[in-house]
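Each remark here refers to the structure printed beneath this line.
The values are calculated or read from the model by the stated rules, or taken from the named source; none is laboratory data. Every value quoted in this text rests on a predicted model; they were computed, and no experiment measured them. Cβ atoms come from the backbone with ideal geometry, glycine included; neighbour counts cover every protein chain shown. Surface areas here come from the heavy atoms of the whole protein model, side chains and all, with no ligands, DNA or RNA. Shrake-Rupley method; radii C 1.70, N 1.55, O 1.52, S 1.80 Å.
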Amino acid sequence: MATLDPKDDKYKLYALTPDNELILWEEWIKIRKEETTGLGNFINKPPVDLVMNLLEKTNEKKEWKTALEHAQLSLKTPFTSSSWEKAHRLSQPCECAPVYDAVKTAAEQRRPRVIDHIRVPDYIQVTEKGLTGVRQRVTPDKINADFYKYRKKREAELRTAIKTIDPYRPDISELVIIGKRPRTPPPKIPPLPPIIITEPNDFPRDPLSGIYALRVNNTIVCKKITDQNVPHIIKMQQETWHESCGSWTYYFNAPVRKMARSKLFLQNVGTVSLRYCWKRVKRPVPFIPEDAYEQKFFFCKNEDVISPGQQKEKYFTFISDRPGIYNETWELAILNICMFDTLADKLLVDLVGDSVEKVKKNTRKIDKLQNRIDRKAAKTMIVHCLRDIIVDVTTVKAEQYPYKNFLLEAELFTIKNPVCFYHQSEVQKLKEAYTAMTEHQWDLSIGTWREAMIAKEFDERMAYFDVLKTSHNKVLLKPLFEGDELLKEKYRIVNLLMGMLLDKFYDEKMRTAECNGSTSVMSTIDEFASPLPDTGLTPYTVMNIFYVRMYEHTAVFFETIAGVLSSLDLNRWIDFDFCNK
């Protein structure tokens, strides 16, 4: 075999290179050992005392406690979620279960789990973590001496149970163990005893000992057995009252919430007791109503036994709390023998129930109610007619006023304060306060009220300011007409503010005309051709003053529109200073 030269490139391909991660791991272990040794020398303690959790063996104590607790459960039958706690809740496997049972853990159900130990072996702790030395920390064993003594006693008594629950306890200091006990082998089944089959001809048989016959109303059903001749059953089937059928129909007609009953006659005409039961026959339907699973037909007993020669009457009861037609089919099944040769033949009982309303009683109630309504309506109409007559006679008709005087107080208040609501009580308080403040009648404008308040001294001003502030907090400064649609409300407020702006324009135009000495509202710049003798102002100065004032009014107009629209959009209160004009 040829050897490879280290300088050859093929040598680099076949050579094994060490893993860098393993090299770094080895270096880290060396550094850790040096650090633990140095730290132990610095505090004069062995490195094994630097790790508290491993020395305390917290997991081992928990596992020991669990094993001892589960081992004692065989002495009693608790019904709680823990050995010394009360049950928090009850459970029921399904709705058909007859009783409730307390929630129990696996250990309480005699199936405790095998404890799986997960622990770092001592060899790895010494070699890789550097936990060397002899433990010097002293544990207070004398304090718990009695407890340890009692624990050893209980462990000795429950040695077998603890060994079953915690089989890996002796090995946890050396290995990492996760495992479970193997399943116990199944018990050996004893050999079956020999079965000897004898022919029926070996012993004599009475021909009348095994007759299966049942009479249902006027029908006799008999089990046909080979080499069996029953003449009295055949004679009964040939009687005039006998009916050859396999199904019976019962019709019930009853008012709502009233019971209707019928009965079925049964008689055992054979020589063997028959055990029977009622089975519901479900019919496939394309549409299932809401009350398809509500029981409307009831029986006294679902399963029973009828002895030879015994007669019984089975009663069917029908009751419904709502009107309608209900249909159910039940099978009379014989459990200890099959009466027919094929499974398709059955004894069926069709129950049809018709639940009707109480028509006569409801008709009487409707007639009484109609009479009461008619009398009440006639009385109400008479009272309204008399009231209208009295009101028309005693009412004084209002005189005709100009259109401006027909405006209500609420509309005037809204026009003068477009961003406020109208509230009669609060407006009345402001009226009284304004009269007490100025001895004049208020024109329903908050701006006028505020100007009169600012003209007073500081003490009086603050007293009236409290009144205005209270009204503001309650009603006055909410967004206008919150219940209307937002776009319509914006359109209405903009129209009101536009009207106010046009009023300002009209006032400034009138003021300019007075300065020019003209009474015409539609005066033009040509009328200002000569200087004004009264004021000493040129026409251009007057027009400049007019433009400046209109500029201010327009700016206030746009600011008001922006504030009102933003308030409507944000649905919030409008804040402004009462002490400024």
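Taking A513 as the residue in question, decide whether it is within 30 Å of N417 (Cβ to Cβ) and modelled with pLDDT under 80.
Yes: the conditions hold for A513.
If I ask for residues that are modelled with pLDDT of 75 or more and polar (S, T, N, Q), which ones from segment 539-568 would you list?
Scanning segment 539-568 gives T541, N544, T554, T560.
Which residue is modelled with the lowest pLDDT, if the candidates are limited to segment 461-506 and must be open to solvent by 50 Å² or more (accessible area, probe 1.4 Å) and of a type in the set (S, T, Y)?
If we take residues in segment 461-506 being open to solvent by 50 Å² or more (accessible area, probe 1.4 Å) and of a type in the set (S, T, Y), then T470 is modelled with the lowest pLDDT.
Restricting to segment 40-61, what's the tally of residues that are modelled with pLDDT under 85, in a helix (DSSP H, G or I) and open to solvent by 90 Å² or more (accessible area, probe 1.4 Å)?
Residues in segment 40-61 being modelled with pLDDT under 85, in a helix (DSSP H, G or I) and open to solvent by 90 Å² or more (accessible area, probe 1.4 Å): 4 in total.
With (1) of a type outside the set (D, E); (2) assigned to a loop (DSSP other than H, G, I, E, B); (3) in contact (Cβ under 8 Å) with a residue 40 or more places away in the chain as the list, and Q125 as the residue in question, which single condition is left unmet?
Going through (1) of a type outside the set (D, E); (2) assigned to a loop (DSSP other than H, G, I, E, B); (3) in contact (Cβ under 8 Å) with a residue 40 or more places away in the chain one by one, Q125 breaks only (2).
Which residue out of E290, E239, E313 is at pLDDT below 85, open to solvent by 50 Å² or more (accessible area, probe 1.4 Å) and either of a type in the set (D, E, K, R) or in contact with a Leu (Cβ under 7 Å, 6 or more places away or on another chain) (or both)?
E290
I'd like the full set of residues that are within 14 Å of E328 (Cβ to Cβ), open to solvent by less than 20 Å² (accessible area, probe 1.4 Å) and touching a Ser or Thr at 6+ places or on another chain (Cβ under 7 Å), limited to segment 253-283.
Residues satisfying the conditions do not exist here.
On the given criteria, is L412 hydrophobic (A, V, I, L, M, F, W, C) and at pLDDT 85 or above?
The answer is no for L412.
Please find, among K180, K153, K223, the residue that is open to solvent by 90 Å² or more (accessible area, probe 1.4 Å), at pLDDT 80 or above and either over 30 Å from L347 (Cα atoms) or not hydrophobic (A, V, I, L, M, F, W, C) (or both).
Checking each option against the conditions leaves just K153.
Look at segment 248-263 and say how many of its residues are outside any strand (DSSP E or B) and of a type in the set (S, T, N, Q).
0
Which number in (1) part of a loop (DSSP other than H, G, I, E, B); (2) modelled with pLDDT under 80 marks the one condition that K188 misses?
(2)
Conditions: (1) over 27 Å from R492 (Cβ atoms); (2) over 46 Å from the mean Cα position of the chain (by Cα); (3) assigned to a helix (DSSP H, G or I). K469 meets all but one. Number of the miss?
(2)
Yes or no: segment 16-39 includes at least one residue that is at pLDDT below 60 and of a type in the set (A, V, I, L, M, F, W, C).
no
Out of (1) open to solvent by 30 Å² or more (accessible area, probe 1.4 Å); (2) in contact (Cβ under 8 Å) with a residue 24 or more places away in the chain; (3) small (G, A, S), the odd one out for A344 is which?
Of the numbered conditions (1) open to solvent by 30 Å² or more (accessible area, probe 1.4 Å); (2) in contact (Cβ under 8 Å) with a residue 24 or more places away in the chain; (3) small (G, A, S), the odd one out for A344 is (2).
On the basis of being touching a Gly at 6+ places or on another chain (Cβ under 8 Å), open to solvent by less than 70 Å² (accessible area, probe 1.4 Å), closer than 25 Å to N218 by Cβ and not polar (S, T, N, Q), does F297 make the cut? Quick ask: steps written out before the conclusion?
On the way: touching a Gly at 6+ places or on another chain (Cβ under 8 Å): yes; open to solvent by less than 70 Å² (accessible area, probe 1.4 Å): yes; closer than 25 Å to N218 by Cβ: yes; not polar (S, T, N, Q): yes.
Criteria met by F297.
Could you grab me the full set of residues in segment 434-473 that are of a type in the set (K, R) and touching a Leu at 6+ places or on another chain (Cβ under 8 Å)?
R450
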